[in-house]
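For reference, the structure discussed in these notes is given below.
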């Protein structure tokens with residue numbers, strides 16, 4: 001990973017958290033996050049106002065020190081040369097502060113858009129292509145899981161390491177992160193037991209691949225929603241967000257956390273949930289979310305930082321104690337996180 005000289009290199013935030021009104025909100029958020037001492041600004045991708053390459057360029061233009069990482073984009077939505085050009089441009093624009101983060105994506109969305117589903121083998125093959133391109137290789141006649149390409153080449157004068165990240169959920173992705181990537185970002189609402197197990201999976205995979213496990217950073221993606229926010233905001237950022245995960249890929253989250261699948265079935269069978277159109281963290285009214293809250297057990301909501309700034313800081317430090325190398329304070333903007341970062345600093 002590229003080191004940053006920020007005060008808190010172990011802390012990150014997601015730009016455009018929640019439902020931002022404008023993509024331009026990112027500009028002030030990155031400036032504020034850098035001023036507050038965050039080590040990393042993570043950029044997720046959606047197909048509305050959050051196209052990753054555009055946002056990364058904007059973040060680079062208004063910052064000098066903070067690390068910038070996609071977490072994540074999908075490798076199969078751009079030609080490898082387009083992605084390589086994006087990464088190379090970002091490295092030049094930022095002076096080496098960029099990490100290209102990939103992810104598997106959501107099967108149902110890929111099916112709907114006619115995009116092929118992503119496999120572990122494809123991501124591993126693609127990472128290998130990026131590594132070779134950034135070493136200056138001319139790749140001729142590649143035919144592998146990531147695709148068939150007659151020629152791939154950036155520049156014969158190029159010889160550098162491209163930092164790469166992976167958002168990982170299941171054991172195969174976690175092990176891939178340990179083998180091939182520099183940064184692994186976990187999912188939100190992982191229990192302590194799950195988080196610890198995921199860290200161990202990544203680090204052991206790195207060792208098995210002959211790598212130094214300390215060179216693979218594991219980041220907790222930790223919902224951080226303090227009591228200084230309004231009740232309506234907290235409801236949307238906690239109940240709404242977890243409920244949306246349960247809508248989209250609840251089986252995977254429940255299985256990963258060893259939660260009771262019968263609870264998920266009752267959640268899905270609920271009349272309000274089953275008839276709701278769209279994500280609950282986007283269109284759920286306070287009344288709807290208050291009802292949904294009755295369907296989610298307290299222990300499912302527990303893996304997060306909540307309460308006073310000091311209580312949030314204790315929870316954040318708890319993630320580091322589980323073995324994580326960094327913590328993304330998820331679900332809130334830098335301004336919303338300001339009291340918590342101030343308490344962390346003291």
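The values are calculated or read from the model by the stated rules, or taken from the named source; none is laboratory data. Note that the structure is a prediction, hence the values are computed from the model and not measured. Neighbour counts run over all protein chains shown; Cβ positions are idealised from the backbone, glycine included.
Among the listed residues 292, 272, identify the single one that is touching a helix residue (DSSP H, G or I) at 6+ places or on another chain (Cβ under 9 Å), assigned to a helix (DSSP H, G or I) and surrounded by fewer than 21 Cβ atoms within 10 Å (Cβ to Cβ).
272
Would segment 226-234 turn up any residue that is modelled with pLDDT of 95 or more, farther than 24 Å from residue 122 by Cβ and assigned to a strand (DSSP E or B)?
yes
Test residue 93 against the stated conditions and say whether it is on the phi > 0 side of the Ramachandran plot, surrounded by fewer than 21 Cβ atoms within 10 Å (Cβ to Cβ), at pLDDT 95 or above and not in a strand (DSSP E or B). Steps first, answer last, please.
On the way: on the phi > 0 side of the Ramachandran plot: no; surrounded by fewer than 21 Cβ atoms within 10 Å (Cβ to Cβ): yes; at pLDDT 95 or above: yes; not in a strand (DSSP E or B): yes.
No, not satisfied.
Only residues that are in contact (Cβ under 8 Å) with a residue 24 or more places away in the chain and in a helix (DSSP H, G or I): list them for segment 275-289, please.
Residues satisfying the conditions are 280, 281, 282, 286, 289.
Can you say whether residue 188 is touching a strand residue (DSSP E or B) at 6+ places or on another chain (Cβ under 6 Å), closer than 30 Å to residue 11 by Cβ, modelled with pLDDT of 95 or more and surrounded by 15 or more Cβ atoms within 10 Å (Cβ to Cβ), as far as the supplied structure shows?
Here the answer is yes, as residue 188 does meet what is asked.
I need the full set of residues from segment 216-230 which are surrounded by fewer than 20 Cβ atoms within 10 Å (Cβ to Cβ) and without any contact (Cβ under 8 Å) to a residue 40 or more places away in the chain, in order please.
Within segment 216-230, just 230 meets the criteria.
May I ask you to list the residues in segment 315-344 that are in a helix (DSSP H, G or I) and touching a strand residue (DSSP E or B) at 6+ places or on another chain (Cβ under 8 Å)?
Passing the criteria: 315, 316, 319, 320, 334, 336, 337, 339, 340, 341, 344.
Across segment 307-317, what is the total count of residues that are farther than 21 Å from residue 215 by Cα and either surrounded by fewer than 17 Cβ atoms within 10 Å (Cβ to Cβ) or at pLDDT below 95 (or both)?
Of the residues in segment 307-317, 5 are farther than 21 Å from residue 215 by Cα and either surrounded by fewer than 17 Cβ atoms within 10 Å (Cβ to Cβ) or at pLDDT below 95 (or both).
Within the group 242, 174, which residue is under 17 Å from the mean Cα position of the chain (by Cα), over 30 Å from residue 277 (Cβ atoms), surrounded by 22 or more Cβ atoms within 10 Å (Cβ to Cβ) and in contact (Cβ under 8 Å) with a residue 24 or more places away in the chain?
174
Taking segment 37-68 on its own, how many of its residues are farther than 10 Å from residue 15 by Cβ, in a strand (DSSP E or B) and either touching a residue at least 24 places away in the same chain (Cβ under 8 Å) or in contact with a helix residue (DSSP H, G or I) (Cβ under 8 Å, 6 or more places away or on another chain) (or both)?
4
So which of 88, 108 is within 22 Å of the chain's Cα centre (by Cα), in a helix (DSSP H, G or I) and more than 23 Å from residue 57 (Cβ to Cβ)?
108
Across segment 15-28, what is the total count of residues that are under 17 Å from residue 98 (Cβ atoms) and outside any loop (DSSP other than H, G, I, E, B)?
Here the count works out to 1.
Within segment 195-205, is there a residue that is surrounded by fewer than 19 Cβ atoms within 10 Å (Cβ to Cβ), farther than 26 Å from residue 77 by Cβ and in contact (Cβ under 8 Å) with a residue 40 or more places away in the chain?
Yes, the conditions are met somewhere in segment 195-205.
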